Amino acid sequence: MIRVPAEPLGPFSAAWRQCVGTGRAELALRRDYFESLKLVQREIGFRHIRGHGLFCDSMGVVRPYEQQGTRRLHHNFTYVDQVIDSYLELGIRPFLELGFMPEELASGSQTIFWWKGNVTPPRSHTEWAALVRATLTHLVDRHGLDEVRTWPVEVWNEPNLDSFWENADEKAYHQLYEVTAHAVKEVDASLQVGGPAISPGADEWLPRFTDFTDRNDVPLDFVSRHAYTSGPAQRVPFTSYQTLAPARGLLDQFATPRRQLEGTRYAELPVHITEFNSSYCPDNPIHDTAFNAAYLAPVLAEGGELADSFSYWTFSDMFEEAGVPTALFHGGFGLLTHRQIKKPTFHLFAFMSRMGEELLSRGDHHLVTRHRDGRVTALAWAPVDPTGETLGPTHHELHLSIPLSGAAAFVRRSTVDEDHGNAYTAWREMGSPRSPRQRELDMLHEAAEPSRTHFRVRLEDGRANLKLSLGRNEITLVELTPLVDETSEWWDERRLLGRTDER
C-alpha cells in the first residue's frame, strides 16, 4: 500500500500545459484545424502554441515589388493576423518560431517537407532583420506590448540538422541568431528571444551557443531544445516503425540544458522543450495507441521539475510535412485525428488538466494531487516496456491510501486502455477504412471516449483506501470528492423495484 501524505510536497507544476505543437502556421486558416484546436482548448487548455512556417511564402508576409526601377519589399500580415487572432480567440498565445526563409530573401533553393520550407540563410541579413522588426512591431501595435511580451520568440528550428539549416552551418546560425535577437530587442527590450531549438543528439551545440552569446553580448532570454526517444526509422509505404528507448530518456533530455548551464551566468534562464514525443516520425502508428499514453504518463507527471515548458508535438493530425495523410489513422503526431477523433494520448493530457494544484505523492506509476476545494485526484498508469512487451502480469495492482476530509467520498474513475477510450482499436476492427463514412466516424467518436465508473467509498481514519487494477497499457484517473449526503430521511431504496440497500 502507498500511504499518500496529508501535507503537500509542494505545488504541482503546470509546465506540461505551457505549450503545444502545431503543423505549419498556414493550416490555422482551415476549418478542421480550428475545430480541433477549439476542442483541445475546451478539454485541456494549453497556454501557448508553436509551429513552423510563419515566414513561408504561403503566408504571404514578404511581397516584392518594383518602384521607379528599384526592387522593394512590402511586409504583409493578412494571414499572420488571421492565424494569431484565431489562437487568441481560443485562449492560446503564440510561441513564435521565426522561420523558414521567404524565397525572396533566401540565399539558396534548399527546401524541406512536402510544402517546401526554404532552409537557407538570408542573402541579406539587413533584409532579414527588417522582416523581424516589421513583424514584431506590427504585433505590438495590434495586440499591445504587455500581451506580446508573453509570446516567446524562438530563432529557427533544429539548425544542427542539415535538412533544417543548409549544411548545419553552426557559424551561420550564430550570425542569424545575433542579427535576429538584436532586431527583436530594437522593437522592445522586454520581448523574450531565445534558441537554439536543437534536436536530440546535438547537446554540444548549446554550450557553444551560449558561449557565443556571452562573448558577443547577444541577448538570450531562454534556451530551447527538442526531445524524442525513437531509433532510426524502418520505412514501409506511408508508415515508419521505430524502436524506443525507455521514457526516462525524455526526462534526461529535459534535464540536460539546465545541467549544461550550471555554473554559468545563464544558469537561471528558462528552459523550454519546444518539441517532445516518443517518435519523431509523422507516420509512426505508435502515436495512435494506448501504449503511447502509458509510455508518456511518467514524463508529464515529472517533467515540470526539469523544464519550464515541454511542448507535445503536436495537438492535431492536421500536419503535412510528409504530404497529405493517406488514412484517418496514419501514425500522425496529433492528440486528435482529422475530424477531431481523440487518441489515447489526448486523454492523458485531459486527465492531467483535471489534476489539482498541490502535489501529494508521485511514484513510478502514480501521481496524486489535491485541489484547493479539498478534492483529490489520482492518475495511475500501467508499466510499459519500450520494446512493446507486457511487463509481468497482464494486470498491474496499485493500492493507494488517500487522505480526505469527511466520512465518505464520491469517486469517479475514467479509464483508457486497449479497449476503452481507444478509437484506434475500433478503427482496426472495422477494417481500417481510409476515409470513414459518417456512420463510421460517429462510431469512432463514441469508441474514443474513456470508460467511466462511479461509486462511493467510506473513509477510515480520514482516508480512502483504493485498490486499482490496471490493464495492459492503461491510464486511469480517479477523482475523489468529499461527500455531503443530502438524502431525505424518508427515502427507502429497498422500496424501489429491482434495487437493494447495498449501496
Sole exception among (1) farther than 16 Å from ARG412 by Cβ; (2) modelled with pLDDT of 95 or more; (3) open to solvent by less than 20 Å² (accessible area, probe 1.4 Å) for LEU379, by number: (1)
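Could you please let me know if LEU73 is in contact with a helix residue (DSSP H, G or I) (Cβ under 9 Å, 6 or more places away or on another chain), outside any loop (DSSP other than H, G, I, E, B), open to solvent by 20 Å² or more (accessible area, probe 1.4 Å) and at pLDDT below 95? Steps first, answer last, please.
Values: in contact with a helix residue (DSSP H, G or I) (Cβ under 9 Å, 6 or more places away or on another chain): yes; outside any loop (DSSP other than H, G, I, E, B): yes; open to solvent by 20 Å² or more (accessible area, probe 1.4 Å): yes; at pLDDT below 95: yes.
Criteria met by LEU73.
Being open to solvent by 50 Å² or more (accessible area, probe 1.4 Å), at pLDDT below 95 and in a loop (DSSP other than H, G, I, E, B): is that true of GLU389 here? Break it down stepwise before answering.
On the way: open to solvent by 50 Å² or more (accessible area, probe 1.4 Å): yes; at pLDDT below 95: yes; in a loop (DSSP other than H, G, I, E, B): yes.
Criteria met by GLU389.
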Pairs, first free of Cβ contacts under 8 Å to residues at least 12 places away in the same chain in the stretch 162-183, second assigned to a loop (DSSP other than H, G, I, E, B) and open to solvent by less than 30 Å² (accessible area, probe 1.4 Å), C-beta under 6 Å, six or more apart: ALA168/ASN160
Leading residue by the ranking (farthest from the chain's Cα centre (by Cα)) among those in the stretch 112-146 that are open to solvent by less than 60 Å² (accessible area, probe 1.4 Å) and free of Cβ contacts under 8 Å to residues at least 40 places away in the same chain: SER124
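For the stretch 76-96, which positions are open to solvent by less than 50 Å² (accessible area, probe 1.4 Å), closer than 27 Å to LEU39 by Cα and in a loop (DSSP other than H, G, I, E, B)? Step through it out loud before you land on a result.
Let us first name the residues in the stretch 76-96 that are open to solvent by less than 50 Å² (accessible area, probe 1.4 Å), namely 76-77, 80-81, 83-84, 86-87, 90, 92, 94-96.
Add one more test, that the residue is closer than 27 Å to LEU39 by Cα, and what stays is 77, 80-81, 83-84, 86-87, 90, 92, 94-96.
If the condition is that a residue be open to solvent by less than 50 Å² (accessible area, probe 1.4 Å), closer than 27 Å to LEU39 by Cα and in a loop (DSSP other than H, G, I, E, B), then PHE77, LEU90, ILE92, PHE95 are the ones that fit.
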Matching entry among GLY60, GLY45, GLY53 (being modelled with pLDDT of 95 or more and within 17 Å of the chain's Cα centre (by Cα)): GLY45
Condition met for GLU440 (part of a helix (DSSP H, G or I), within 33 Å of the chain's Cα centre (by Cα) and more than 24 Å from ALA294 (Cβ to Cβ)): yes
Pick from the stretch 147-164, criterion crowded, with 22+ Cβ neighbours inside 10 Å and of a type in the set (Val, Ile, Thr), ranking: nearest to the chain's Cα centre (by Cα): VAL153
Enumeration of residues in the stretch 339-349 that are farther than 17 Å from SER279 by Cβ, touching a Ser or Thr at 6+ places or on another chain (Cβ under 8 Å) and buried (at least 24 other Cβ atoms within 10 Å of the Cβ): HIS347
Residue within the stretch 252-259 that is modelled with pLDDT under 95 and under 21 Å from the mean Cα position of the chain (by Cα) present: no
Residue in the stretch 251-269 that is farther than 13 Å from ALA227 by Cβ, touching a residue at least 24 places away in the same chain (Cβ under 8 Å), among the β-branched types (Val, Ile, Thr) and in a helix (DSSP H, G or I) present: no
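Name the single residue, out of those in the stretch 13-44 being assigned to a helix (DSSP H, G or I) and charged (D, E, K, R), that is surrounded by the fewest Cβ atoms within 10 Å (Cβ to Cβ).
The initial filter retains those residues of the stretch 13-44 that are assigned to a helix (DSSP H, G or I), namely 15-17, 25-29, 31-43.
Within this subset, residues satisfying the condition of being charged (D, E, K, R) are 17, 26, 31-32, 35, 38, 42-43.
Working: ARG17: 21, GLU26: 22, ARG31: 7, ASP32: 15, GLU35: 15, LYS38: 15, ARG42: 11, GLU43: 15.
So the residue we want is ARG31.
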Qualifying positions in the stretch 289-324 - part of a helix (DSSP H, G or I), touching a helix residue (DSSP H, G or I) at 6+ places or on another chain (Cβ under 7 Å) and open to solvent by 10 Å² or more (accessible area, probe 1.4 Å): GLU302, GLY304
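Can you tell me which residue in the stretch 460-484 is modelled with the highest pLDDT, limited to those that are part of a loop (DSSP other than H, G, I, E, B) and open to solvent by less than 90 Å² (accessible area, probe 1.4 Å)?
If we filter the stretch 460-484 for residues that are part of a loop (DSSP other than H, G, I, E, B), which is where we start, we get 460-462, 471-474, 483-484.
Imposing the further condition that a residue be open to solvent by less than 90 Å² (accessible area, probe 1.4 Å) reduces the set to 462, 471, 473-474, 483.
Details: GLY462: 92, GLY471: 92, ASN473: 93, GLU474: 96, LEU483: 90.
Going through the qualifying residues, I end up with GLU474.
Here is a check on your reading of the model: is ARG362 open to solvent by 70 Å² or more (accessible area, probe 1.4 Å), touching a residue at least 40 places away in the same chain (Cβ under 8 Å) and touching a helix residue (DSSP H, G or I) at 6+ places or on another chain (Cβ under 8 Å)? Spell out the reasoning first.
On the way: open to solvent by 70 Å² or more (accessible area, probe 1.4 Å): yes; touching a residue at least 40 places away in the same chain (Cβ under 8 Å): yes; touching a helix residue (DSSP H, G or I) at 6+ places or on another chain (Cβ under 8 Å): yes.
Considered against the rule, which asks whether it is open to solvent by 70 Å² or more (accessible area, probe 1.4 Å), touching a residue at least 40 places away in the same chain (Cβ under 8 Å) and touching a helix residue (DSSP H, G or I) at 6+ places or on another chain (Cβ under 8 Å), ARG362 comes out as yes.
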Odd one out for ALA327 among (1) surrounded by 23 or more Cβ atoms within 10 Å (Cβ to Cβ); (2) out of contact with any Phe, Trp or Tyr (no Cβ under 7 Å at 6 or more places or on another chain); (3) of a type in the set (A, V, I, L, M); (4) part of a loop (DSSP other than H, G, I, E, B): (1)
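I'd like to verify a number: residues in the stretch 402-421 that are within 21 Å of ALA297 (Cα to Cα) and surrounded by fewer than 19 Cβ atoms within 10 Å (Cβ to Cβ), how many?
Our first condition is that a residue be within 21 Å of ALA297 (Cα to Cα); within the stretch 402-421, this holds for 402, 412-421.
Narrowing the set further to residues that are surrounded by fewer than 19 Cβ atoms within 10 Å (Cβ to Cβ) leaves 412, 418-419.
Summing the residues that are within 21 Å of ALA297 (Cα to Cα) and surrounded by fewer than 19 Cβ atoms within 10 Å (Cβ to Cβ) in the stretch 402-421 gives 3.
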Among residues of the stretch 97-111, those that are open to solvent by 10 Å² or more (accessible area, probe 1.4 Å) and not in a strand (DSSP E or B), counted: 6
Those residues of the stretch 234-250 which are assigned to a helix (DSSP H, G or I) and either in contact with a helix residue (DSSP H, G or I) (Cβ under 7 Å, 6 or more places away or on another chain) or within 27 Å of TYR173 (Cβ to Cβ) (or both), in sequence order: GLY249, LEU250
Selected residue [without any contact (Cβ under 8 Å) to a residue 12 or more places away in the chain and open to solvent by 10 Å² or more (accessible area, probe 1.4 Å)] from ASP188, ASP203, ASP217: ASP217
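The values are calculated or read from the model by the stated rules, or taken from the named source; none is laboratory data. The structure presented is a predicted model; accordingly, all values stated were derived computationally and were not measured. Glycine gets a Cβ as well: all are built from the backbone with ideal geometry, and neighbour counts include every protein chain shown. Surface areas here come from the heavy atoms of the whole protein model, side chains and all, with no ligands, DNA or RNA. Shrake-Rupley method; radii C 1.70, N 1.55, O 1.52, S 1.80 Å.
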